[in-house]
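Trainee: Structure incoming, see below.
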Amino acid sequence: MKFRVRPVRQLAGEAEVPGDKSVSHRSALLGALAEGVSEVQGYLEAEDCLRTITAVQAMGAEVTRKGPGHYRIAGAGLRGLSEPADVIDCGNSGTTARLLSGVLAGQPFWTLLTGDASLRRRPMGRIAEPLRKMGATIVGRAEGTRLPLAIRGAATTKAIEYATPVASAQIKSAVLLAGLGADGPVTVIEPAPSRDHSERILRRFGARLTTAGRTVTLTPGPLRATTVVVPGDISSAAFLLVAGAIVGEARVTLHRVGVNPTRTGVLDVLAAMGAKIASGAAADEGEPTASLTVTAATLRATEIGGAALIPRLIDEVPIMAVAAAVATRVTVVRDATELRVKESDRIAAIGRELGKMGARIEERPDGMSITGGRRLHGATVNSGGDHRMAMALAVAGLVATNETVIEDVDCVNTSFPQFTDTINALAGSPVITVEE
């Protein structure tokens, strides 16, 4: 499947972005482990998060869809899940694979996890190492560091104090999930703060956690069912915010966007680049939300790097590269080596594909430099099966001369199935068409 994108002069209107992917995954996993019936509203009904729903169903949790994004999850309790009858396919979802591994580390049965070709290339050793220390048996390809993986958990995991090698919410979350049934408190120490969705939602389900700077400690114990309202995903909103900032005549308002401070690096960088973004209608239902209104502006270069910033916008770097390509002067992205092991090598992909559109990008081991100020031109580009690359290239196409064709875009359904409909509604015409 491919996108055909025409340049556009105006974007106007209001929109909602789909539910936050991180919060959706966690609500399904914790709902399955809780005692009682949980209700989840605003769940992201995209391929990645639906993989997590299918996984917990395979292990005995009863999940009922009550309406769009509205799910009832009858939990099995910490000890109530059962061995799945078949392999669990995580598709393209690294979050499903890594967080589910944490759950499985505390389940005394065998489970086999696999994924698509992209996910089977991604590193799993970083979560396998601490989970083995907690008592799980994990075997598989590349000495148990690549999917497929077979996992047999421990009936009672071992208490651990673990210092993560990188700031990673997925490592932290896997250890905390494994620690729910541990024989003592479990502590995770990070080199820099990562997103804290797990801590917030664990507390909502009744878990006992303490946080002090970069350290999180969980005291084992049961979870109780609750209601979760999933905010709009700021990673999805980022594509619309950048589009609103760079299209000549634009004014776009996005409602109920999650503005968790551990995720708002994209707002900080856009502000540093001179974007005009106003915030209003703030609320907090476990995760803070706000309405964001963006209007077109002339963007300027900035520096994107540092341990305090990169974990807060690592998923938004592809679309920030588009903003940098049309900004004045040179933007530098550094300290972002993690981009090499995402759904694609995003550092290489950004340089290669945006380069086809005329962007001047110098690839570096841990990032890139982007010389802006040139008008992008239409080209045929390829997402490489990476949803964030596909949508970033589509936004670039909105401000390019002539038509842009983006190949391999089925992947957009992993996080933002309504992406083209949303852009077309804001443009007032079908500026992005989908072709087989």
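Trainee: Among the candidates Glu35, Glu45, which residue alone is within 22 Å of Val409 (Cβ to Cβ) and either open to solvent by 30 Å² or more (accessible area, probe 1.4 Å) or touching a Lys or Arg at 6+ places or on another chain (Cβ under 9 Å) (or both)?
Mentor: Working: Glu35 fails: within 22 Å of Val409 (Cβ to Cβ).
Result of the check over Glu35, Glu45: Glu45.
Trainee: With the condition being out of contact with any strand residue (DSSP E or B) (no Cβ under 6 Å at 6 or more places or on another chain) and over 28 Å from Arg121 (Cα atoms), I'd like the strands (runs of 3 or more DSSP E) fully within segment 136-216 carrying at least 1 qualifying residues.
Mentor: The strands (runs of 3 or more DSSP E) meeting that bar are 208-212.
Trainee: So, one more: Can we say Asp268 is of a type outside the set (Lys, Arg), open to solvent by 20 Å² or more (accessible area, probe 1.4 Å) and in a helix (DSSP H, G or I)? Give the derivation first.
Mentor: Working: of a type outside the set (Lys, Arg): yes; open to solvent by 20 Å² or more (accessible area, probe 1.4 Å): yes; in a helix (DSSP H, G or I): yes.
Yes; evaluated as a whole, the condition is true for this residue.
Matching residues to (1) buried (at least 24 other Cβ atoms within 10 Å of the Cβ); (2) touching a Cys at 6+ places or on another chain (Cβ under 6 Å); (3) over 24 Å from Gly80 (Cβ atoms):
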| site | (1), (2), (3) |
| --- | --- |
| Val139 | no, no, yes |
| Thr157 | yes, no, no |
| Pro165 | no, no, yes |
| Gly184 | no, no, no |
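Trainee: In the set Ala278, Ala282, which member is over 22 Å from Leu44 (Cα atoms), free of Cβ contacts under 8 Å to residues at least 24 places away in the same chain and assigned to a strand (DSSP E or B)?
Mentor: Of the residues listed, the single one that is over 22 Å from Leu44 (Cα atoms), free of Cβ contacts under 8 Å to residues at least 24 places away in the same chain and assigned to a strand (DSSP E or B) is Ala278.
Trainee: Looking at Ala128, Ala117, which is the one that is farther than 20 Å from Ala167 by Cα and either open to solvent by 10 Å² or more (accessible area, probe 1.4 Å) or under 23 Å from the mean Cα position of the chain (by Cα) (or both)?
Mentor: Ala117
Trainee: Among the residues in segment 91-100, are any within 20 Å of the chain's Cα centre (by Cα), farther than 20 Å from Thr414 by Cβ and either surrounded by fewer than 16 Cβ atoms within 10 Å (Cβ to Cβ) or among the hydroxyl-bearing types (Ser, Thr, Tyr) (or both)?
Mentor: no
Trainee: Any residue that is in contact (Cβ under 8 Å) with a residue 60 or more places away in the chain, touching a Lys or Arg at 6+ places or on another chain (Cβ under 8 Å) and either under 25 Å from Glu199 (Cβ atoms) or open to solvent by less than 50 Å² (accessible area, probe 1.4 Å) (or both) - is there at least one of those in segment 61-78?
Mentor: No, segment 61-78 contains no residue that is in contact (Cβ under 8 Å) with a residue 60 or more places away in the chain, touching a Lys or Arg at 6+ places or on another chain (Cβ under 8 Å) and either under 25 Å from Glu199 (Cβ atoms) or open to solvent by less than 50 Å² (accessible area, probe 1.4 Å) (or both).
Trainee: What number of residues within segment 227-257 are assigned to a strand (DSSP E or B) and either open to solvent by less than 10 Å² (accessible area, probe 1.4 Å) or without any contact (Cβ under 8 Å) to a residue 60 or more places away in the chain (or both)?
Mentor: The number of residues fulfilling the criteria is 5.
Trainee: With Glu363, Glu343 as the choices, which residue is closer than 22 Å to Asp315 by Cβ and modelled with pLDDT under 95? First the steps, then the outcome.
Mentor: Working: Glu363 fails: modelled with pLDDT under 95.
Glu343 is the lone residue from the list that is closer than 22 Å to Asp315 by Cβ and modelled with pLDDT under 95.
Residues checked against (1) of a type in the set (A, V, I, L, M); (2) in contact with a Ser or Thr (Cβ under 9 Å, 6 or more places away or on another chain); (3) closer than 19 Å to Met391 by Cβ:
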| site | (1), (2), (3) |
| --- | --- |
| Asp268 | no, no, no |
| Lys276 | no, yes, no |
| Gly280 | no, yes, no |
| Ser291 | no, yes, no |
| Ala307 | yes, no, no |
| Ala321 | yes, yes, yes |
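The values are calculated or read from the model by the stated rules, or taken from the named source; none is laboratory data. No experiment lies behind these values; they were computed from the predicted model shown. Reconstructed Cβ throughout: ideal geometry from the backbone, glycine too, with neighbour counts over all protein chains shown. Please note that ligands, DNA and RNA were not included when accessible areas were found on the heavy atoms of the full protein model with its side chains. Shrake-Rupley method; radii C 1.70, N 1.55, O 1.52, S 1.80 Å.
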